[in-house]
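Undergrad: Here it is, the structure, as structure tokens.
The values are calculated or read from the model by the stated rules, or taken from the named source; none is laboratory data. Please read these numbers as outputs of a predicted model, since none were measured by experiment. In this analysis, Cβ positions are derived from the backbone assuming ideal geometry, glycine residues included, and neighbour counts consider all displayed protein chains. Ligands, DNA and RNA are excluded from the accessible area calculation, which covers all protein heavy atoms including side chains. Shrake-Rupley method; radii C 1.70, N 1.55, O 1.52, S 1.80 Å.
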Amino acid sequence: MLKIVKKHLKEVKSFYSENDLKIEEFRIKYNGKKGVLNKLFKSFRDVPEKEKKEFGKVLNELKKEINNKILNLQNKLIKKVSSVNNDLSKPGFPYKLGSFHPLSIVENKILDIFSKIGFIISEGPEIEDDWHNFTALNLPEFHPARDMQDTFFVQTNPDILLRTHTSSVQVRYMEENNPPLRIVSPGRVYRNEAISARAHCLFHQVEGLYIDRKVSFADLKQTLIYFAESLFGKSKIRLRPSYFPFTEPSAEVDIYWGLDNEIDHKITKGTGWLEIMGCGMVDPNVLKNCNIDPDEFSGYAFGMGIERIAMLLYQIDDIRVFYENDIRFLDQFKSI
Ligand code: PHE
């Protein structure tokens, strides 16, 4: 019995650690409820009478040693931690500030502009079905207009695809809400295109939709002028007749960029005009598909590519930089 206590005494004396977990482990092993010390004290009555005196002495020594050890090691630990933190004149650790991605900055600007005139934000799924992306938008199966957008279909189910435009959100919103409606829907879209400086298989759009009684093309034009003025500080726009299956009439919107800032005539190709989006009056067939009576309601829709707008605003000439996550590029947008 005496031997065991002496063995523990040796062990305790030689124990050293600066690790708080190890010290705690040590404390529990020796001083815990079911620890060594308690067990040894309990076994005191089984010690033969003649050994009791010696046993008691060594046991008490062990107890003292354990308590001192724990106290010393814990004190050391506290000192070590506070010596790192107690100099209040030391400079703090700087936070590494992140920044918004330029596409988020531009998207937020666009959404802000439309929120100010009562448009609310509505989002939809990126994995769409044929109905919401094509059929309801007046593009029936085999319609040649489907060729305009090379689509990523899910191989095992041709009814499921990656949406090619955010116009699918119009359909979803019209199906679930009664006019008057006023939404902008931002989001990612996908087209099966070869990646180049001008095109990418993934990009972002913001689409707008306004449905009410007696909405006219003049309302659309005024909204576009307000938008161009707010985002670019330029209010001169022109509408070129165009074609989209879901709008009739349809137009392409150009803003007058001017030639003053154009060093090598690359941005507007020397014309001064830049295309920024597509738009039109919602086709009555689309309204019908979404259970809205085209005799009572009319509306307009518009859609734009966020990358395109960002490239114009920041004079970026390669779309790929948006997706490379090069910190040297992204850092430039910190203060914007
Ligand atoms: N969905 C069209 C596109 O992706 C843009 C658009 C939206 C045009 C709404 C007209 C009206 O090109």
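Undergrad: Any idea which residue in region 288-302 is nearest to Glu175 (Cα to Cα), counting only those that are more than 33 Å from the chain's Cα centre (by Cα) and crowded, with 20+ Cβ neighbours inside 10 Å?
TA: So the residue we want is Ile292.
Undergrad: Which residues, taken from region 27-40, are within 14 Å of Ile66 (Cα to Cα) and part of a helix (DSSP H, G or I)?
TA: Arg27, Ile28, Lys29, Tyr30, Asn31, Val36, Leu37, Asn38, Leu40
Undergrad: I've got another one for you. Residues in region 303-336 that are within 16 Å of the ligand (Cβ to nearest atom), open to solvent by less than 30 Å² (accessible area, probe 1.4 Å) and out of contact with any helix residue (DSSP H, G or I) (no Cβ under 7 Å at 6 or more places or on another chain): how many?
TA: Taking region 303-336 and keeping what is within 16 Å of the ligand (Cβ to nearest atom), we get 303-309, 319.
Subsequent filtering for residues that are open to solvent by less than 30 Å² (accessible area, probe 1.4 Å) retains 303-307, 309, 319.
Narrowing the set further to residues that are out of contact with any helix residue (DSSP H, G or I) (no Cβ under 7 Å at 6 or more places or on another chain) leaves 304-305.
Of the residues in region 303-336, 2 are within 16 Å of the ligand (Cβ to nearest atom), open to solvent by less than 30 Å² (accessible area, probe 1.4 Å) and out of contact with any helix residue (DSSP H, G or I) (no Cβ under 7 Å at 6 or more places or on another chain).
Undergrad: Within region 149-179, restricting attention to residues that are among the hydrophobic types (A, V, I, L, M, F, W, C) and more than 17 Å from Cys201 (Cα to Cα), which residue is nearest to the chain's Cα centre (by Cα)? So that I can check it myself, show each step before the final result.
TA: Step one: list which residues in region 149-179 are among the hydrophobic types (A, V, I, L, M, F, W, C), which gives 152-154, 160-162, 169, 171, 174.
The next check asks that each one be more than 17 Å from Cys201 (Cα to Cα); those that pass are 160, 169, 171, 174.
On the way: Ile160: 25, Val169: 20, Val171: 25, Met174: 27 Å.
Step by step, filter region 149-179, then rank; the result is Val169.
Undergrad: Counting only residues that are within 12 Å of the chain's Cα centre (by Cα) and surrounded by 17 or more Cβ atoms within 10 Å (Cβ to Cβ), how many does region 98-114 have?
TA: Going through region 98-114 one residue at a time, the tally reaches 1.
Undergrad: To continue, here is another question. Checking the structure you have, find out if any residue of region 186-203 is part of a strand (DSSP E or B), within 16 Å of the ligand (Cβ to nearest atom), in contact (Cβ under 8 Å) with a residue 12 or more places away in the chain and surrounded by fewer than 19 Cβ atoms within 10 Å (Cβ to Cβ).
TA: Within region 186-203, one or more residues are part of a strand (DSSP E or B), within 16 Å of the ligand (Cβ to nearest atom), in contact (Cβ under 8 Å) with a residue 12 or more places away in the chain and surrounded by fewer than 19 Cβ atoms within 10 Å (Cβ to Cβ).
Undergrad: Could you list, in sequence order, the residues of region 173-185 that are within 14 Å of the ligand (Cβ to nearest atom) and either farther than 25 Å from Lys116 by Cα or free of Cβ contacts under 8 Å to residues at least 60 places away in the same chain (or both)?
TA: Across region 173-185, the qualifying residue is only Tyr173.
Undergrad: Inspect region 281-291 for any residue being out of contact with any Pro (no Cβ under 8 Å at 6 or more places or on another chain), assigned to a loop (DSSP other than H, G, I, E, B) and within 13 Å of the ligand (Cβ to nearest atom) and give the result as yes or no.
TA: No, the conditions are met nowhere in region 281-291.
Undergrad: Here is a further query. Enumerate the pairs (first residue in region 205-231 and over 22 Å from Leu287 (Cα atoms) and in contact (Cβ under 8 Å) with a residue 60 or more places away in the chain; second residue anywhere and assigned to a helix (DSSP H, G or I) and more than 14 Å from the ligand (Cβ to nearest atom)) with beta-carbon separation below 8 Å, excluding pairs fewer than 6 apart on the same chain, so at least 6 apart or on different chains.
TA: Tyr226/Ile113; Phe227/Ile113; Ser230/Ile113; Leu231/Lys109; Leu231/Ile113; Leu231/Leu313
Undergrad: Shifting gears a bit: Looking only at region 232-262, how many residues end up being touching a residue at least 60 places away in the same chain (Cβ under 8 Å) and more than 13 Å from the ligand (Cβ to nearest atom)?
TA: Selection size over region 232-262: 1.
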